[in-house]
Amino acid sequence: MGLKDKLDQLRQQGLTEVKASSDLNKINDIRVKMLGKKGPITEVLRGMRELSAEERPKIGQFANEVRDDLTNAIEAKRSELEQAKINAQLEHEKLDVTLPGNTVPQGQPHVIQQIIDQLVDLFIGMGYEVAIGDEVEEDHYNFEMLNLPKDHPARDMQDTFYVTPEILMRTQTSPMQARMLEQHDFTKGPLKMVSPGKVYRRDTDDATHSHQFHQVEGMVIGKHITMADLKGTLEVVAQELFGDELDVRLRPSYFPFTEPSVEADITCFNCHGRGCAICKQTGWIEVLGAGMTHPNVLKMASVDPEVYGGFAFGLGPDRFAMLKYGVEDIRDFYQNDVRFLTQFNQKG
Ligand code: PHE
């Protein structure tokens, strides 16, 4: 048999073996066997020395063709098998994206924190700065600087947890009024601040009292600030929390650090003023204390009451949350029962 026929036969044999194999290792074996240094093709090529100078290039060219054919067939088979392997794997790992997912329990801000965040955002939008005070406060700021000297009878309005005779758990966020008044540089413009946080009173816990609750304090001091500004501000707050149609009504009240002092009522969101159990048939719900800052408070903080004046208010997010969601017992907010707390999610 001539070299050419031998090569042709080897090609047929190789192609048949490649075609028949379905295994990547086997393909590799065929490659080594047919095309390797010790393989039959190399051997045939070695025999070319005996050929005439005329025949040598022809056979050489043919041998190259055979080698290329086999190489191509092997590569084609290899990529076919590799692709099949990947396909099988993908098929095996296929995900049904329409199956319901596993829900991961997710936390959320406490309902009272949600109300505080909403209020604080509203005030930031109106150009107020946010001032965070300490829960452990000096008697000096919690009372004295707010026009409540040591013997003042109104101190009894707020039963106090004392840490030492001069240090206490703040009974209100109002000490931040005094602190901010002292710090503020009025040559740079008016003071507009909100101060949210926890406060403490020596109350016996019941459905409407908690020894620890929250307040959001607000204060605006500048030139030419009137009670109409206070009322307009409170209207914005009420409407943000309870909806556009609500009105605000101011009733005279008493706080040592404001004069005049008021209690603010909003239209009952439940009956819209017609009278129901929630508003005790009055059509109004009391939501906060406020007033025009007392000149003594300004004087004590070295702010001239002849030039500057303004208003302050203190509202209770706990009460707002109870009203908004119809919660009847304030203690529910503090018992950390997630079944209760996860019911309130403004953003979700
Ligand atoms: N600090 C008062 C309270 O706790 C509320 C208040 C704040 C009243 C600011 C007037 C001005 O009852």
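The values are calculated or read from the model by the stated rules, or taken from the named source; none is laboratory data. Everything numeric in this text was worked out from a predicted model, so none of it was measured. Neighbour counts run over all protein chains shown; Cβ positions are idealised from the backbone, glycine included. Heavy atoms of the whole protein, side chains included, go into the accessibility calculation; ligands, DNA and RNA do not. Shrake-Rupley method; radii C 1.70, N 1.55, O 1.52, S 1.80 Å.
Spin-label model, residue 204/residue 13: points 7 Å from Cα along the beta carbon direction are separated by 10.7 nm. Heavy-atom accessible surface of the range 80-147, averaged per residue, reaches 68 Å², computed with a 1.4 Å probe.
Of the DSSP H helices in the chain, those that are both long (alpha-carbon extent of 15 Å or more along the helix axis) and hydrophobic (Kyte-Doolittle mean at least 0.5) are 111-125, 227-242. Computed with a 1.4 Å probe over protein heavy atoms only, the accessible area of residue 98 comes to about 120 Å². For the range 162-188, the residues whose amide N sits under 12 Å from a probe point set 7 Å from the Cα of residue 150 along the beta carbon direction are 165-166.
What FRET efficiency comes out for the pair residue 331/residue 271, r = Cβ-Cβ distance, R0 = 30 Å, nearest 0.05?
Given R0 = 30 Å and the Cβ-Cβ separation, E is 0.70.
Taking all protein chains as they are arranged and a probe of 1.4 Å, the heavy atoms of residue 121 leave approximately 100 Å² accessible to solvent.
Probing with 1.4 Å while keeping every protein chain in the model, the per residue accessible area of the range 279-348 equals 52 Å². A 1.4 Å probe over all protein chains sorts 342, 171 by accessible area into 342, 171, starting with the largest. Protein heavy-atom surface of the chain, 1.4 angstrom probe: 50% of the accessible area is carbon and sulfur, with nucleic acids and ligands not counted. Could you tally the net charge around residue 231, taking each other residue with its Cβ under 13 Å from the Cβ of residue 231, Lys/Arg +1 and Asp/Glu -1? So the surrounding residues net to -3. According to the Kirkwood relation over distinct C-alpha pairs, the hydrodynamic radius of the range 3-92 is 14.1 Å. Extension gain for the segment residue 296 to residue 4, taken as residue separation times 0.36 nm less the Cα-Cα distance, is 93.3 nm to one decimal.
Taking a label point 7 Å from the Cα of residue 110 along the Cα→Cβ vector, which residues of the range 155-177 have an amide N closer than 13 Å to it? Hits in the range 155-177 for residue 110 at 13 Å: none. When the GluC sites (Glu not before Pro) in the range 74-154 are filtered for DSSP coil states and for at most 16 other beta-carbon atoms within 10 Å of their beta-carbon, the remaining sites are 93, 135.
Is any residue of the range 97-137 close enough, with backbone N under 16 Å, to a label point placed 7 angstrom from the Cα of residue 212 along the Cα-Cβ axis, and if so, which? Counting only backbone N, you get 110-113, 133-137.
The heavy atoms of residue 308 present about 50 square angstrom of accessible area, all protein chains included, probe 1.4 Å. Extent of the range 40-150 along its three principal axes (Cα atoms, max minus min coordinate, largest first): 126, 36, 28 Å. Taking the charge dipole of the chain about its Cα centre, with +1 at Lys and Arg Cβ atoms and -1 at Asp and Glu Cβ atoms, the residue from 340, 101, 147 reaching farthest to the positive side is 101. The largest accessible area among 201, 170 belongs to the first residue in 201, 170, and the rest follow in falling order (1.4 Å probe, all chains). Rounded to the nearest 500, the 222 nm mean residue ellipticity of the chain from helices alone is -12500 deg cm²/dmol, with -39,500 (n - 2.57) taken per DSSP H run of at least 4 residues.
Per-residue accessible area (protein heavy atoms, 1.4 Å probe) orders 51, 146 as 51, 146, starting from the largest. For the pair residue 51 and residue 97, a Förster radius of 51 Å applied to the C-beta separation gives a FRET efficiency near 0.20, rounded to the nearest 0.05.
Given just the C-alpha atoms of the range 113-159, how large is their convex hull per residue in cubic angstrom?
122 Å³
Put simply, the range 111-344 fits an ellipsoid with semi-axes of 28, 22, 17 Å; these come from the alpha carbon gyration tensor as the roots of five times its eigenvalues, largest first. Only the Cβ atoms of Lys and Arg (+1) and of Asp and Glu (-1) were treated as charged; on that basis the dipole of the range 3-92 about its Cα centre amounts to roughly 320 debye. Take the range 2-78 with all the other protein chains still there, run a 1.4 Å probe, and you get 65 Å² of accessible area per residue.
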